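*Asks:* Pasting a structure below so you can have a look.
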Amino acid sequence: MAIKKIEILEFIEKIIRGERDFRGISLIEKGLSNNERFFELNKYLEKNKEGLRKEPINLSDSELLGFEARGIFLPYVIAERTKFNEADLSYSYLRSGKFSDSIFYKSYFYKTNLEFSILERTDFSRAKLIRTKLLMTKINKSKLYKIYLYQSDLEGAELEDTDLSEADIIESEFRSIYVKNTDFNKTNFKDTHFNWEDIILGKNLQEIRFNREIPSHYIRFFVKD
């Protein structure tokens, strides 16, 4: 698909007029949240939350490199096969979004809500997710190499066939997660909360690190060859 470049102001105006299909776009400016009409856009989106559920904004196949959308209210968004490299999506509400096959390389998330989102086959390599809500997300077959997760909530998340090698996972919630055939090579877990029902089937547990001894009844590991 050919990429179409558009101005941020045009992008905002089209959304407010009711347009939803933005597949294959590239924004000429990067700072959406710095635009003078950003507050107006967010108020419109919040007012039309139910309409977004029925007809979500579609950003699939787009190139949003370095995209700054701090505090954007965009639930149910569809952004599959989209490049968000080095984007800043802090304080954003992206609940129930669809981001399969997208790239968030070195992107930054702070207090972002991604609950119930589909993030399968997604690249989060070297991304930073701080105090981010990932409750019940599907992150299967994704690349989280060297990701930094701090005080983030992944309760009930699915991480099957996922690369978590060399990740730093600090003071985060990993309760009731489903993890199978996942790479934990040199992963650093520090003060991360599991529970005794968690079952982790890891394909590579070399040099996995906990900052304290984990009692055998606290978490069970089953290594799959």
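*Asks:* Would you mind checking the tilt of helix 38-47 against the longest principal axis of the Cα atoms of the chain, expressed as 0 to 90 degrees and rounded to 10?
*Replies:* With rounding to tens, the tilt is 80 degrees.
*Asks:* Counting Lys and Arg as +1 and Asp and Glu as -1, each charge on the Cβ, what is the dipole of the chain about the Cα centre in debye, to the nearest 20?
*Replies:* Values: 38 positive and 38 negative charges, 36 e Å.
With Lys and Arg at +1 and Asp and Glu at -1, about 180 debye.
*Asks:* Moving to a separate point now. Sort all Cα-Cα distances of the chain into consecutive 10 angstrom bins from zero, then give the percent of pairs in each bin up to the one containing the longest distance.
*Replies:* Result, from short to long distances: 9, 34, 31, 17, 8, 1 percent.
*Asks:* Can you list the GluC sites (Glu not before Pro) in the stretch 117-185 that are in a DSSP coil and have 14 or fewer other beta carbons within 10 angstrom? Provide the component values of the computation, followed by the final result.
*Replies:* On the way: sites: Glu120, Glu155, Glu158, Glu160, Glu166, Glu171, Glu173; in loops: Glu120, Glu155, Glu166, Glu171.
The qualifying sites are Glu171.
*Asks:* Working from the pairwise distances between different alpha carbons, so that the mean of 1/r is found and then inverted, what is the stretch 38-89's Kirkwood radius in Å?
*Replies:* Working: mean 1/r = 0.0856 Å⁻¹.
It works out to 11.7 Å.
*Asks:* In the chain, with Lys and Arg counted as +1 and Asp and Glu as -1 at Cβ, which of these residues, Leu119, Ser33, Leu134, has the Cα nearest the positive end of the dipole, that is, farthest along it?
*Replies:* The residue sitting farthest along the positive end of the dipole is Ser33.
*Asks:* Please report Asp153, Asp161 as a ranked list, fewest other C-beta atoms within 10 angstrom at the top and most at the bottom.
*Replies:* Details: Asp153 21, Asp161 15.
Ranking Asp153, Asp161 by Cβ neighbours within 10 Å, fewest first, gives Asp161, Asp153.
*Asks:* What's the magnitude of the charge dipole for the stretch 45-151 around its Cα centre, counting Lys and Arg as +1 and Asp and Glu as -1 at the beta-carbon? Answer in Debye, nearest 20. Working shown, then result.
*Replies:* Working: 20 positive and 13 negative charges, 82 e Å.
For the stretch 45-151, the charge dipole is close to 400 debye.
*Asks:* Let me ask something additional. On a C-alpha basis, how far is the centre of the stretch 1-79 from the centre of the stretch 147-177 in Å? Whole number, if you could?
*Replies:* Result: 28 Å between the Cα centres.
*Asks:* When the convex hull of the C-alpha atoms of the stretch 3-43 is computed, what volume per residue in Å³ does it have? Can you show the working numbers first?
*Replies:* Details: hull volume 2.6 nm³, N = 41.
Taking the convex hull of the Cα positions in the stretch 3-43, it is 63 Å³ per residue.
*Asks:* Can you work out ³J(HN,Hα) from phi for every residue in the stretch 115-128, in order, using Karplus 6.51 cos²θ - 1.76 cosθ + 1.60 and θ = phi - 60°, giving whole Hz and x for Gly and Pro?
*Replies:* Ordered by residue, 3J(HN,Hα) equals 4, 6, 7, 9, 10, 6, 6, 9, 9, 10, 3, 6, 6, 10 Hz.
*Asks:* Ok, one more. When averaged across all projection directions, what area in nm² does the alpha-carbon convex hull of the stretch 1-108 cover?
*Replies:* Details: hull surface 23.6 nm².
Over all viewing directions, the stretch 1-108 projects a mean Cα-hull area of 5.9 nm².
*Asks:* Still on this structure: Considering the Cα trace of the stretch 101-151, what is its radius of gyration and what is Dmax, both in angstroms?
*Replies:* 9.8, 25
*Asks:* Please turn the phi angles of the stretch 51-57 into ³J(HN,Hα) values with the Karplus equation 6.51 cos²θ - 1.76 cosθ + 1.60 (θ = phi - 60°), one per residue in order, whole Hz, x for glycine and proline.
*Replies:* For the stretch 51-57, the Karplus curve yields x, 5, 5, 7, 9, x, 5 Hz.
*Asks:* Continuing with this model, one more query. Kindly provide the helix-only [θ] at 222 nm of the chain, computed as the sum of -39,500 (n - 2.57) over DSSP H runs of four or more divided by all residues, to the nearest 500 deg cm²/dmol?
*Replies:* On the way: 3 runs with 25 residues, N = 225.
Mean residue ellipticity at 222 nm (helix-derived): -3000 deg cm²/dmol.
*Asks:* Follow-up. For the chain, with the dipole built from +1 on Lys and Arg beta-carbon atoms and -1 on Asp and Glu ones, taken about the Cα centre, which of Thr187, Tyr110, Leu159 lies farthest toward the positive end?
*Replies:* Tyr110
*Asks:* A further question on this structure: What is the chain's relative contact order, in percent, from Cα pairs under 8 angstrom and six or more apart in sequence? Before the final figure, lay out each step's value.
*Replies:* Details: 708 pairs, mean separation 21.6, N = 225.
Across the chain, relative contact order equals 10 percent.
Bear in mind these aren't lab numbers, they're just calculated from the coordinates by the rules spelled out. Note that this is a predicted model, so its numbers are computed, not measured. Here the Cβ is made from the backbone with ideal geometry for all residues, glycine too, and neighbour counts use every protein chain on show.
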